[in-house]
1. In the list T68, T53, which residue meets the criterion of being modelled with pLDDT of 90 or more and among the polar types (S, T, N, Q)?
2. Going by the conditions given, is S26 more than 14 Å from the chain's Cα centre (by Cα) and in a helix (DSSP H, G or I)?
3. Could you grab me the full set of residues in region 1-15 that are open to solvent by 60 Å² or more (accessible area, probe 1.4 Å), assigned to a helix (DSSP H, G or I) and not polar (S, T, N, Q)?
4. For region 26-48, give me the residue count where each residue is open to solvent by less than 90 Å² (accessible area, probe 1.4 Å) and either modelled with pLDDT under 95 or not charged (D, E, K, R) (or both).
Amino acid sequence: MGKMNVTNDMMLSLFAEMVLDEAVRSYREKRLYHEIDQALAAGDESSFLALTTELNLLRSQVKGSLHTQETGQIENK
């Protein structure tokens, strides 16, 4: 019975970590969209380019993570 509790605790911990990671990623993405809008409104090309690069990086990390979850294989880059 003790082994089952440890397994359940580990699964709950993993799930909680996944939920937290998604919340942080979502917050970062929304913040970046807002900052990109501000850079566009201000005509700040350098900030726009830096922010869109950061957003694209965030999105590519999510894509890589999803691919790893689907296949169970870690990509070598």
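The values are calculated or read from the model by the stated rules, or taken from the named source; none is laboratory data. Computed from a predicted structure; not experimentally measured. Ligands, DNA and RNA are excluded from the accessible area calculation, which covers all protein heavy atoms including side chains. Shrake-Rupley method; radii C 1.70, N 1.55, O 1.52, S 1.80 Å.
1. The match here is T53.
2. The answer is no for S26.
3. Listed by number, the residues that qualify are K3, M4, V6, D9, M10, M11, L12, L14, F15.
4. 9
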